[in-house]
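Report on the following structure.
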Amino acid sequence: MTNIDFEKIVDTSNEWITSRTGIKERHIANADMTTADMAVQAAMRAMEMARCEKEEIDLVICGTVTPDYRLPSNACLIQERLGLTNAVAFDVVAACTGFIKGLVIANSHIETGLHKKALIIGVEKLSAVTNYKDRTTCVLFGDGAGAVVVEPSTNGCGMISSFMKSDGRLWQLLWMKVGGVKNPYTTDFDYNGSDKIYMNGADVFKVAVKEMANAVEVVLEKAGVASSDIALFVPHQANLRIIDALAKRLKIEPERVFKNIERYGNTSAASVPIALDEANREGKIKPGDYVVVVAFGGGLIWGAALIKW
Ligand code: UT7
């Protein structure tokens, strides 16, 4: 769906969307395609790339705020569809930070020897919870999925350090009012968008830049690695201006920052794994490189990880 398509449905312009967000188009899943459908495709490709047999996977973590059902977890649906019978599967609800949080959990399970091979997926069908009458949010979001397989390393590669934090006092800056136990759906109510995503974009923007910069500084400091040592910086793709401001604060020049927001918009938990996969397939990451991933989202919650590839 392009910016021009949006000009036909809300009072906006290609110029406004491009200059304020960097987004030119985003992918919208077909009505009959679910979050699990997208996740299964991404997971299959990750397992294929990792040359991994389904019997080997013993942990499945899915980061999403748009699961197929309230119960069970999306991860269990993915487990069933892929026949991952030796695994334990569960979801992580950490909005745009869901994938990184999943990665951090998997890393600690692997470090402690609890699990040996984990599949982590970030997936969203945000089009299902987007208010297409609200120009301040609808132009931002897209659908997508990304996945990785992780296992113990013997050569010092892997997750070197991580940092996660949230500030629950700010939960109403980005939320969905209706659909949970507090405000359940009823048949005789005009929701007027209250069952879709609400975001106070300007306030979220300010916290995002400050806290993502701090999270990256913490992971680098923990590991004793300088920002000049990072080969590739893979931030959550929410807004090009946020990415640029973040890179400037961290003194990371544009060549070392991966961006694909132009083509996908904000895909929440899917944004980092999609970016990571594209960067990898484009040959932008080599064995031994330091890669930093960082994300920020509704909660508010944010986190970063330093990975030696
Ligand atoms: O992924 C999870 C975390 N999310 C984020 O990190 C998103 C953070 N926030 C943002 O990316 C930006 O705040 C937005 C892209 C959401 C908005 O950009 P902004 O530069 O902060 O704009 P604004 O909200 O301050 O609005 C500026 C003006 C307003 O008009 P007035 O009040 O100045 O007359 C808006 O009504 O732009 C107007 N506006 C639009 N105009 C045309 C808002 N949305 C649109 C639109 N088209 N789609």
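Remarks
- Condition met for C96 (in a helix (DSSP H, G or I) and within 16 Å of the ligand (Cβ to nearest atom)): yes
- Within the set D5, D91, the sole residue that is of a type in the set (D, E) and either open to solvent by 90 Å² or more (accessible area, probe 1.4 Å) or part of a helix (DSSP H, G or I) (or both) turns out to be D5.
- Options A202, A223, A208, A270: the member that is of a type in the set (A, V, I, L, M), more than 26 Å from V129 (Cβ to Cβ) and in the same structural domain as G179 (by TED's automatic domain parsing): A223
- Just one residue in the set L77, L82, L59 is in the same structural domain as V150 (by TED's automatic domain parsing), of a type in the set (A, V, I, L, M, F, W, C), out of contact with any Ser or Thr (no Cβ under 8 Å at 6 or more places or on another chain) and open to solvent by 30 Å² or more (accessible area, probe 1.4 Å); that residue is L77.
- V129 falls short of the stated requirement of being open to solvent by 10 Å² or more (accessible area, probe 1.4 Å) and more than 18 Å from the chain's Cα centre (by Cα).
- Taken as a whole, segment 186-193 holds at least one residue that is over 27 Å from A215 (Cα atoms), surrounded by 16 or more Cβ atoms within 10 Å (Cβ to Cβ) and of a type in the set (G, A, S).
- Scanning segment 280-298 for residues that are open to solvent by less than 30 Å² (accessible area, probe 1.4 Å) and farther than 21 Å from R241 by Cβ gives I285, V291.
- Whichever residue in segment 183-205 is of a type in the set (D, E, K, R) and at pLDDT 95 or above and, among such residues, is farthest from the ligand (Cβ to nearest atom): K196
- Failed criterion for T137 (all others in (1) outside the structural domain of G265 (by TED's automatic domain parsing); (2) more than 30 Å from M47 (Cβ to Cβ); (3) of a type in the set (V, I, T); (4) open to solvent by 30 Å² or more (accessible area, probe 1.4 Å) hold): (4)
- Residues satisfying the stated conditions in segment 1-44, i.e. free of Cβ contacts under 8 Å to residues at least 24 places away in the same chain and more than 14 Å from the ligand (Cβ to nearest atom): N30, A31, D32, D37
- Hey, W309 over 18 Å from G142 (Cα atoms), aromatic (F, W, Y) and surrounded by 24 or more Cβ atoms within 10 Å (Cβ to Cβ) or not: no
- Those strands (runs of 3 or more DSSP E) of segment 206-309 in which at least 3 residues are at negative phi and within 16 Å of the ligand (Cβ to nearest atom), considering only elements entirely within it, cover 290-297, 301-308.
- Among the candidates A215, A226, residue that is modelled with pLDDT of 95 or more and either out of contact with any helix residue (DSSP H, G or I) (no Cβ under 8 Å at 6 or more places or on another chain) or buried (at least 16 other Cβ atoms within 10 Å of the Cβ) (or both): A215
The values are calculated or read from the model by the stated rules, or taken from the named source; none is laboratory data. Note that the structure is predicted; figures quoted are calculated from it, not measured. Here the Cβ is made from the backbone with ideal geometry for all residues, glycine too, and neighbour counts use every protein chain on show. SASA here: full protein model, heavy atoms, side chains in, ligands and nucleic acids out. Shrake-Rupley method; radii C 1.70, N 1.55, O 1.52, S 1.80 Å.
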